[in-house]
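Below is one structure, written out as C-alpha cells, with a few remarks after it.
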C-alpha cells in the first residue's frame, strides 16, 4: 500500500512539474525556436513578417503539444504550413 501511495505521489509530482498544452516553460519555447534553425534562409525570406511567423510557430506548438518532445517532424511541418498561410494571405492582399 505504501508503494502505491509513493508511486502515485511521485507520478503526480512529475505531471505537475512538466509542461502542458498552453503553458510551456521558456526553455521549451526556446527549444521550439531552436528547431527552426535549419530553416533560417526560408524564414529570413519573410522579411518584416519573420517574427510573426516565429511567434505563430511557438504559440501553435504550445497549443498542440504537451512539450516539444511530444511533437513529431510531420506535426511540426504542419504547424509551419499553418503559420505560413496568414503571411502569404497578407502578402497577396498587399499586392492587390
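Please pick out the residue among 70, 74 that is surrounded by fewer than 10 Cβ atoms within 10 Å (Cβ to Cβ), more than 30 Å from residue 94 (Cα to Cα) and at pLDDT 95 or above.
74
So residue 21 fits all but one of (1) modelled with pLDDT under 95; (2) assigned to a helix (DSSP H, G or I); (3) surrounded by fewer than 14 Cβ atoms within 10 Å (Cβ to Cβ); (4) in contact with a helix residue (DSSP H, G or I) (Cβ under 8 Å, 6 or more places away or on another chain); what number is the exception?
Among (1) modelled with pLDDT under 95; (2) assigned to a helix (DSSP H, G or I); (3) surrounded by fewer than 14 Cβ atoms within 10 Å (Cβ to Cβ); (4) in contact with a helix residue (DSSP H, G or I) (Cβ under 8 Å, 6 or more places away or on another chain), the lone unmet condition for residue 21 is (2).
Yes/no per residue for (1) at pLDDT below 95; (2) outside any helix (DSSP H, G or I); (3) under 30 Å from residue 94 (Cβ atoms); (4) more than 11 Å from the chain's Cα centre (by Cα):
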residue: 28; (1), (2), (3), (4): no, no, no, no
residue: 32; (1), (2), (3), (4): no, no, yes, no
residue: 43; (1), (2), (3), (4): yes, no, yes, yes
residue: 50; (1), (2), (3), (4): no, no, yes, yes
residue: 56; (1), (2), (3), (4): no, no, yes, no
residue: 62; (1), (2), (3), (4): no, no, yes, no
residue: 82; (1), (2), (3), (4): no, no, yes, yes
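Out of segment 84-96, which residues are in a helix (DSSP H, G or I) and over 18 Å from the mean Cα position of the chain (by Cα)?
Once the filter is applied, which keeps residues that are in a helix (DSSP H, G or I) and over 18 Å from the mean Cα position of the chain (by Cα), segment 84-96 yields 88, 89, 90, 91, 92, 93, 94, 95.
The values are calculated or read from the model by the stated rules, or taken from the named source; none is laboratory data. Quick caveat: nothing in here was measured; it's all calculated off a predicted structure. Ideal geometry is used to build each Cβ from the backbone, glycine not excepted, and the neighbour counts take in all protein chains shown.
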